[in-house]
Amino acid sequence: MTRYILRRLLQVIPVFFGTTLLVYYMVFALPGDPIAALFGDKQPKQSVIDALRAQYHLDEPFWVQYGLFLRDLITFDLGVDFTQQPIAATLGRIFPVTAMLAVEALIIEAVFGVAFGLFAGLRKGKLFDSTVLVMSLVVIAVPTFVLGFVLQVVIGVQLGWARPTVGANADWGTLILPAIVLGLGSFAYVLRLTRASVLENMNSDYVRTARAKGLSRQRVVMTHILRNSMIPVVTFLGADLGGLMGGAIVTEGIFNVPGVGNKLFQAVLRGEGPTVVVIVSVLVLVIVVANLMVDLLYAWLDPRIRYEK
Amino acid sequence: MKSNRQIEHFVAPFDETPLPATDTLKVEAAPLGLWVDAWHKLRRRLMFIISAAMILLIFAVALLPGLFTQAPPNANCLLANSEGLPTEGHPLGFTFQGCDVYSRIIHGTRASLSVGVLSVICVLIMGVTLGALAGYYGGWIGALLARLGDIFFALPVLLGALVITQLPFFRENKGVWTVVLLIAMLAWPQMARITRGAVIEVRNADFVTAARALGVSRFGALVRHVLPNAIAPVIVLATLDLGVFIVLEATLSFLGVGMPTSIMSWGNDISEAQQSIRTNTMILIYPAIALSVTVLSFIMLGDALRDVLDPKSRQR
């Protein structure tokens, strides 16, 4: 187990450096001067340009730039964006919002996905099962932005059940509608994964033994089928947390959520290199750590890996 | 047609006879190949028939849009008709610019579908070639591919796409091909991974050893014996990817970084319809339905293919 954890930890390092290098290269090192873009048609003084170039290390060769960027990232000295706002303060404001949104979406997809998947799996081939399966495909097929607009107009505006847009003060209640939209896509995957896993476990030897012992149906389903079916589902959910945080660009845009995705989209469109690389790096870090946690969780859940020497 | 190997017979229940059921296969009869077998199973599936019919229809619309609508998509756009309700000859109403919604959807099919198909072809060429080489020969290609896959795995697709679209090359050459290139760049590692896994599973099979013993070259064995037997999961992923890529194009166009607005595509139509959402929601809903139905068809096809091609799910 210790060796497994060590090996996984070592694998994280090249992934983190590779991804940040890729993004840094794409944002900063290609033709086109980000400082010139900042001023538009006006020509600033050369001293101003030089000062800005020095501030963002643009006067150094690429590898030095990247090294300095990494140093700043690790020491959490994130600097300022092109409007001279400290990036760390911006991150502190937007990150909790997106984390809250992602966690809420995760809870929604986990609860409903597992429940529907379990019932569909237990009644394989019945009407409920086939209906749920087709519905899950439909949910996967409808793009997030379409779903977002439809729910915003129907639930938010016409029925008035939830706030159609979130605005400045996001909390669990106002985020419910974007969380549903964000979680629905993965909900279909959780459902299908749970169903497949339940079907596999239903025919396993230990479930037959449990039945033969005369255990009640409830106990067989809850303890022997559901708990063992959770292994792949939990790992999917863990990996999805990172994906939800990075993939909330569309949802946050539609519902005007002041989160990471919204900020990132605006920063990309405005060519704010420093903000983009910092946000993407932090997101990549979150995703890499989430994937690592999932692998460790998997090892802990599955005794075949746990006892590996 | 049933497989020749199945013999119709009746087996007595276990509690009536001490004899277990004997061999139920006529071993000397030629077995059906994977693909023939799959085809016979597919033909009986409602999901496959519906999705295949839908896909044929969508391809027909993309190739010959003139057959399905008489109204020109962009001529005769009157601002007086802006966000107008359906009228005679214009069954789905008018866009913000006063153009015919139905006609724009029909004519937009080609762009959306070509992005999907071309991206899948690019991803297949890159992913299958590199994945097969990595899986078959292993070594440094395999290691490099695994690390590269890890890097792309840590970068959400939409995030990567957003950053790449801001590169000067992509900003200056907006069009079908840049979107295809963008999608291919982000999606090939997954295809390579799947291919690599499938090739590793097959490369040590007896029939490959036999072919090598008969004098087939190493590369020849890969092309003629390993790949055909490892291609099933690749085809399933390619079908599912087609739907995913069409959605990705629409999402990028929706965000304003995909296709230029001069190209008619469903994503652009949905993006433009945003401003009309409070006055005439249906302008947004109709292209969204076209998009969703197309994606659903490909996902259903992929799902049906997986059911018949994947031996693991076959037992269920």
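Regarding segment A:215-238, can at least one residue be identified that is small (Gly, Ala, Ser), within 10 Å of another protein chain (Cβ to nearest Cβ) and touching a residue at least 12 places away in the same chain (Cβ under 8 Å)? No, that holds for no residue. Beta carbons closer than 8 Å, at least 6 apart along the sequence or on distinct chains, pair a first residue in segment A:242-266 that is basic (Lys, Arg) and modelled with pLDDT of 85 or more with a second that is crowded, with 24+ Cβ neighbours inside 10 Å and part of a helix (DSSP H, G or I) for A:263/A:275; A:263/A:279.
Can you say whether residue A:177 is over 28 Å from residue B:249 (Cα atoms) and among the hydrophobic types (A, V, I, L, M, F, W, C), as far as the supplied structure shows? It is false that residue A:177 is over 28 Å from residue B:249 (Cα atoms) and among the hydrophobic types (A, V, I, L, M, F, W, C). When segment B:264-278 is filtered for residues that are more than 16 Å from residue B:248 (Cβ to Cβ) and small (Gly, Ala, Ser), the ones remaining, listed by number, are B:273, B:276.
Of all residues in segment B:158-168, those satisfying the criterion of being assigned to a helix (DSSP H, G or I) and either at the interface with chain A (Cβ under 7 Å from one of its Cβ atoms) or farther than 15 Å from residue B:253 by Cβ (or both) are B:158, B:159, B:160, B:162, B:163, B:164, B:168. Determine which member of the set A:144, A:194 is within 17 Å of the chain's Cα centre (by Cα) and of a type in the set (S, T, N, Q). Answer to the check: A:144.
Apart from one condition, residue B:237 fits all of (1) within 17 Å of the chain's Cα centre (by Cα); (2) surrounded by fewer than 21 Cβ atoms within 10 Å (Cβ to Cβ); the exception is (2).
A quick yes/no check of all residues on (1) assigned to a helix (DSSP H, G or I); (2) at pLDDT 85 or above; (3) under 30 Å from residue A:254 (Cβ atoms); (4) not acidic (Asp, Glu):
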position	(1), (2), (3), (4)
A:178	yes, yes, yes, yes
A:182	yes, yes, yes, yes
A:186	yes, yes, yes, yes
A:196	yes, yes, no, yes
A:200	yes, no, no, no
A:211	yes, yes, no, yes
A:215	no, yes, no, yes
A:218	yes, yes, no, yes
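The set of residues in segment A:136-157 being more than 17 Å from residue A:253 (Cβ to Cβ), more than 7 Å from chain B (Cβ to nearest Cβ), surrounded by fewer than 20 Cβ atoms within 10 Å (Cβ to Cβ) and in contact with a helix residue (DSSP H, G or I) (Cβ under 8 Å, 6 or more places away or on another chain) consists of A:139, A:155.
Among the residues of segment B:170-199, what is the count of those that are in contact with a helix residue (DSSP H, G or I) (Cβ under 8 Å, 6 or more places away or on another chain) and under 14 Å from residue B:257 (Cβ atoms)? Final tally of qualifying residues: 8. For the residues B:211, B:143, the requirement of being of a type in the set (Gly, Ala, Ser), more than 27 Å from the chain's Cα centre (by Cα), assigned to a helix (DSSP H, G or I) and within 12 Å of chain A (Cβ to nearest Cβ) singles out B:143. The listed residues are B:180, B:101, and the only one of them that is at pLDDT 85 or above and away from chain A (no Cβ under 14 Å) turns out to be B:180.
The set of residues in segment B:99-157 that are polar (S, T, N, Q) and under 20 Å from residue B:200 (Cβ atoms) contains only B:129. Would you check if residue A:132 is within 10 Å of another protein chain (Cβ to nearest Cβ), over 17 Å from the mean Cα position of the chain (by Cα) and among the β-branched types (Val, Ile, Thr)? Answer is no for this residue.
In segment A:3-18, the residues that are within 12 Å of another protein chain (Cβ to nearest Cβ) and closer than 11 Å to residue B:154 by Cβ reach residues that are hydrophobic (A, V, I, L, M, F, W, C) and in a helix (DSSP H, G or I) with C-beta atoms within less than 7 angstrom, at least six apart or across chains, in these pairs: A:12/A:288; A:12/A:292; A:15/A:288; A:15/B:151; A:16/A:284; A:16/A:285; A:16/A:288; A:18/B:151.
Listed here are the helices (runs of 4 or more DSSP H) enclosed by segment B:219-311 that have at least 2 residues being within 11 Å of another protein chain (Cβ to nearest Cβ): B:232-255, B:266-273, B:282-309. Here residue A:96 clears all of (1) over 14 Å from the mean Cα position of the chain (by Cα); (2) free of Cβ contacts under 8 Å to residues at least 60 places away in the same chain except the condition numbered (1). When we screen B:148, B:159, B:144 for residues that are out of contact with any Cys (no Cβ under 7 Å at 6 or more places or on another chain), in contact (Cβ under 8 Å) with a residue 40 or more places away in the chain and either within 30 Å of residue B:220 (Cα to Cα) or crowded, with 20+ Cβ neighbours inside 10 Å (or both), the only hit is B:148. Could you check segment A:243-282 and list, in sequence order, the residues that are more than 8 Å from chain B (Cβ to nearest Cβ) and of a type in the set (Gly, Ala, Ser)? Of everything in segment A:243-282, those that are more than 8 Å from chain B (Cβ to nearest Cβ) and of a type in the set (Gly, Ala, Ser) turn out to be A:248, A:259, A:261, A:267, A:273, A:281. For residue A:61, the conditions (1) within 19 Å of residue A:21 (Cβ to Cβ); (2) surrounded by fewer than 12 Cβ atoms within 10 Å (Cβ to Cβ); (3) modelled with pLDDT under 75 are fulfilled apart from (3).
The values are calculated or read from the model by the stated rules, or taken from the named source; none is laboratory data. These figures come from a predicted structure and were not determined experimentally. Note that each Cβ is placed from the backbone with ideal geometry, even for glycine, and that neighbours are counted across all protein chains shown.
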